[in-house]
Every structure is written in structure tokens, then in C-alpha cells.
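Shown next, in C-alpha cells, is the structure this report addresses.
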Amino acid sequence: MSLLEVRDLTVTYAGGAAAVRGVDLRLDAGQKLGLAGESGCGKSTLALALLRLLPSGTRVTGEVLLDGEDVLAMKWGRVRAVRWAGASVVFQGAMHSLNAVHRIGDQIAEPILLHRKATPAGAKRKTGELLEQVGLPAARAGAYPHELSGGQRQRVMIAMALACDPRLIIADEPTTALDVMIQAQILRLIEQLVADQDLGLIMISHDLAVLADTCDRLAVMYAGRVVEEGPAAKVYEDARHPYAKALSAAFPRIGDPASRFAPQGLAGDPPDPAALPSGCTFHPRCPVALESCAEQDPAPRAAGPERRAACVLVGTPESPGERTGQEPEALEEARPSTP
Ligand code: SF4
């Protein structure tokens with residue numbers, strides 16, 4: 001049984017806009033899944049829906065099986081327990097998530113006292129262990145958030161997420177606010193913890209390069225759907241869906257001066273969920289769209305071993321990733337001019 005299985009998940013906000021549409025995902029213990037896509041593609045909504053953290057009035061359908069138990073069908077008491085002991089979230093921007101007027105040790109100890117029914121002494125001991133696990137001295141438990149650096153605060157957020165020994169960690173842009181050196185340290189720390197404790201990790205980022213470096217598998221979202229999914233390195237290096245290809249090409253590659261000085265990009269923005277285009281929702285921006293794409297919304301199809309992509313071109317010689325050794329001319333033309 002998979003640690004997490006998401007089946008046909010659809011999230012519709014009050015007002016009628018579907019921000020996530022029919023998403024299927026699987027994650028095993030010890031696996032790291034990256035969720036990529038531009039802002040507004042539904043990544044964070046999907047992550048919050050997994051633990052029913054969305055505002056009231058939001059309609060969530062489908063199944064979220066955590067160790068075989070459907071989170072969407074649980075009673076609220078069970079959901080509250082699962083939020084710490086089954087799965088927990090590391091949010092971006094630790095300063096917004098930590099309480100500025102409480103010592104970090106007290107904030108880490110709170111879920112241990114509440115959900116583990118630990119004694120104060122036991123919670124204090126566990127807090128010290130958690131801080132050391134994330135590379136901070138146990139004595140820092142007495143510090144207030146403003147007394148720590150950005151990287152230290154993010155480590156505290158990770159310690160807090162681990163407080164009740166969850167099986168799954170959902171990290172929403174955990175390093176976006178950090179400089180590259182600290183970002184690398186935090187990513188290595190997360191990787192280490194996942195490996196040591198056999199956790200499952202879902203990491204959300206708009207930065208495909210970070211996800212490709214950290215995760216085993218990548219799912220690229222566009223307009224609320226997963227448009228490509230597969231082994232992280234394959235999706236990053238050789239995407240089959242034109243959107244995933246463009247997203248990947250937007251990041252300069254180390255050792256490739258051409259990509260550094262003329263990174264490719266994609267004009268326009270993702271569509272408003274309340275006014276999705278007909279057919280393939282990517283067609284207004286797709287550099288290789290066919291006429292039929294305005295009418296036909298392609299279902300995900302096999303795009304190689306353990307890969308799938310939702311594009312009519314997948315499996316044809318016209319698919320971007322299947323034009324061996326050749327960059328699609330249309331994608332070339334879509335590059336913004338270099339200043
Ligand atoms: Fe582009 Fe058509 Fe494929 Fe959509 S289905 S990504 S519009 S080629």
C-alpha cells in the first residue's frame with residue numbers, strides 16, 4: 001500500500017472556481033515528490049487539500065488515502081490527530097508561521113503536549129532532541145523567533161513539523177525566502193531526514209531545478225491539473241509536455257552558457273480558474289498548439305517508462321521531448337529577446 005494515494009482530487013473554492021481538477025498522485029514511504037508550476041497553477045491548494053486546511057465553503061471531492069485511510073472522509077477529531085502524527089506541513093516564510101512572542105521551544109513543545117500527551121519534562125526533552133536533529137543546539141529552545149536567522153527559523157519550522165513523528169511531510173516553498181547557501185543546507189537537511197526516518201515528502205516549488213535536485217519524482221501542474229509526471233531528472237532534462245518543457249527551459253543550466261545568457265521563457269500567465277480556456281487549457285500559450293487543441297482537452301497518457309503527460313503530441317514525432325536532439329523551432333521563436 002502506498003503511503004499517500006490521491007485519486008481524482010478536485011478542489012472548488014466558494015464562488016465556483018476549480019483550482020485543482022482531477023489530480024491523481026501516489027507517494028511511497030521514503031519517496032520525494034516535487035510539485036512544480038507557476039503561481040496560480042494549484043500547487044498550494046492541492047497541498048492544503050491533502051490535510052483539509054482550506055477555508056470553509058471550499059468543495060473538495062475525490063480521495064486522499066493516507067496509509068489507506070481517506071482523509072476527506074475522516075471525522076474532525078481524527079483529522080486533527082492526523083495533521084500532526086500522520087502528516088505535517090512546513091510553510092514558507094517561517095517568520096509568518098512562528099509566534100513572535102513565544103519562545104521557539106514552547107512552540108515546538110505545544111503539539112507534543114497536546115497530541116502525544118507528554119509530560120512537560122518529556123516534551124522539553126523531545127524539543128531538545130528535535131532541535132539537535134535539525135542542526136540547532138538544544139539550548140536555542142529559549143530563543144524568540146527574532147533572535148534567530150532566516151535559516152535557523154526554517155530549521156525550527158522543520159523541527160516543529162517532525163514533533164509528532166509524522167509519516168508524511170508537505171513542504172510548501174520551504175526555501176524560497178532563503179539565500180542560496182542556506183537554501184542548499186535546508187534542502188540537504190530535508191533529504192537527510194526523509195532518508196533517515198523513511199518519511200514521504202511532497203515539496204512544492206516554482207523552481208524546477210531545486211525540485212529536480214531534491215526529489216525522486218516530479219509532477220508539473222498547469223491550470224489545476226497535473227500535465228506531466230515522471231522521474232525528476234527525466235522531466236527536468238527531457239520534458240514531454242510543452243508547458244513542462246518551457247518551465248524547465250526557463251532556468252539556466254550550470255555549464256551551459258547559452259542557457260545562462262538567453263534563458264527561454266513563455267509569454268503570458270496561467271489562466272484564471274474562473275475563466276479557463278476551452279480544450280487544452282494551455283493552448284493560448286502553447287508554442288506548438290494544433291488547431292484541434294482549442295477543442296480537445298487531452299487526458300494524461302503514457303510518455304515513457306513511469307511517465308505520463310497530458311498532451312495530444314505525446315507519442316508522436318511532434319512531441320517536444322521526442323524530437324531527438326532538436327529544439328522545437330516554435331519554442332525557439334517563443335524566447336523573449338535578451339536585453
Ligand atoms: Fe500544446 Fe495542444 Fe499539447 Fe495542449 S494538447 S500542450 S495545446 S500541443
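The values are calculated or read from the model by the stated rules, or taken from the named source; none is laboratory data. This is a predicted model, so every value here is computed, not measured. Backbone-built Cβ (ideal geometry, glycine too); neighbour counts: all protein chains shown.
The figures follow:
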item: Number of the exception - M95 against (1) free of Cβ contacts under 8 Å to residues at least 24 places away in the same chain; (2) in a helix (DSSP H, G or I); result: (1)
item: Residue that is modelled with the lowest pLDDT [pool: residues in the range 198-240 that are β-branched (V, I, T) and over 13 Å from the mean Cα position of the chain (by Cα)]; result: V235
item: Candidates L46, L54 - the one that is under 27 Å from F282 (Cα atoms) and within 13 Å of the chain's Cα centre (by Cα); result: L46
item: Some residue of the range 72-89 being assigned to a loop (DSSP other than H, G, I, E, B), within 30 Å of K245 (Cα to Cα), at pLDDT below 95 and of a type in the set (A, V, I, L, M, F, W, C); result: no
item: Filter result (at pLDDT 95 or above, surrounded by fewer than 21 Cβ atoms within 10 Å (Cβ to Cβ) and small (G, A, S)) within the range 34-66; result: G62
item: Residues of the range 188-201 satisfying the condition of being surrounded by fewer than 19 Cβ atoms within 10 Å (Cβ to Cβ) and either outside any helix (DSSP H, G or I) or without any contact (Cβ under 8 Å) to a residue 40 or more places away in the chain (or both); result: R188, Q192, D196, Q197, D198
item: Count of residues meeting criterion [more than 16 Å from L162 (Cβ to Cβ) and of a type outside the set (A, V, I, L, M)] in the range 104-121; result: 4
item: Among (1) within 8 Å of the ligand (Cβ to nearest atom); (2) modelled with pLDDT of 95 or more; (3) farther than 22 Å from G40 by Cβ - the single one Q296 does not satisfy; result: (2)
item: Evaluation of R240 against (1) assigned to a loop (DSSP other than H, G, I, E, B); (2) more than 30 Å from C293 (Cβ to Cβ) (one fails), failing number; result: (2)
item: In the range 276-286, the residues that are within 18 Å of V220 (Cα to Cα) and either among the polar types (S, T, N, Q) or near the ligand (Cβ under 8 Å from one of its atoms) (or both); result: C280, T281, F282, H283, C286
item: Flag if G22 is in a loop (DSSP other than H, G, I, E, B) and touching a residue at least 60 places away in the same chain (Cβ under 8 Å); result: no
item: Residue count for the range 301-314, restricted to those that are under 19 Å from R21 (Cα atoms) and within 11 Å of the ligand (Cβ to nearest atom); result: 5
item: Selection within the range 10-26 - of a type in the set (A, V, I, L, M) and surrounded by fewer than 21 Cβ atoms within 10 Å (Cβ to Cβ); result: A14, A17, A18, L25
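One line per residue, one yes/no per condition, for (1) in the same structural domain as A17 (by TED's automatic domain parsing); (2) under 22 Å from the mean Cα position of the chain (by Cα); (3) farther than 20 Å from L136 by Cα:
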residue	(1), (2), (3)
T61	yes, yes, yes
R78	yes, no, yes
G86	yes, yes, yes
V90	yes, yes, no
A94	yes, yes, no
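This table checks each residue for (1) acidic (D, E); (2) closer than 30 Å to D213 by Cβ; (3) touching a residue at least 40 places away in the same chain (Cβ under 8 Å).
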| site | (1), (2), (3) |
| --- | --- |
| G40 | no, yes, yes |
| V60 | no, no, yes |
| W76 | no, no, no |
| S88 | no, yes, yes |
| A141 | no, no, no |
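Quick grid of which residues meet (1) of a type in the set (A, V, I, L, M); (2) in the same structural domain as G16 (by TED's automatic domain parsing); (3) closer than 30 Å to D238 by Cβ; (4) in a helix (DSSP H, G or I):
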| position | (1), (2), (3), (4) |
| --- | --- |
| R125 | no, yes, no, yes |
| M181 | yes, yes, yes, yes |
| A184 | yes, yes, yes, yes |
| M203 | yes, yes, yes, no |
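Yes or no, residue by residue, for (1) crowded, with 17+ Cβ neighbours inside 10 Å; (2) among the basic types (K, R); (3) on the phi < 0 side of the Ramachandran plot; (4) touching a helix residue (DSSP H, G or I) at 6+ places or on another chain (Cβ under 9 Å):
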residue: G68; (1), (2), (3), (4): no, no, no, no
residue: V71; (1), (2), (3), (4): yes, no, yes, yes
residue: G77; (1), (2), (3), (4): no, no, yes, no
residue: A81; (1), (2), (3), (4): no, no, yes, yes
residue: W84; (1), (2), (3), (4): yes, no, yes, yes
residue: V89; (1), (2), (3), (4): yes, no, yes, yes
residue: H96; (1), (2), (3), (4): no, no, yes, no
residue: Q107; (1), (2), (3), (4): yes, no, yes, yes
residue: I112; (1), (2), (3), (4): yes, no, yes, yes
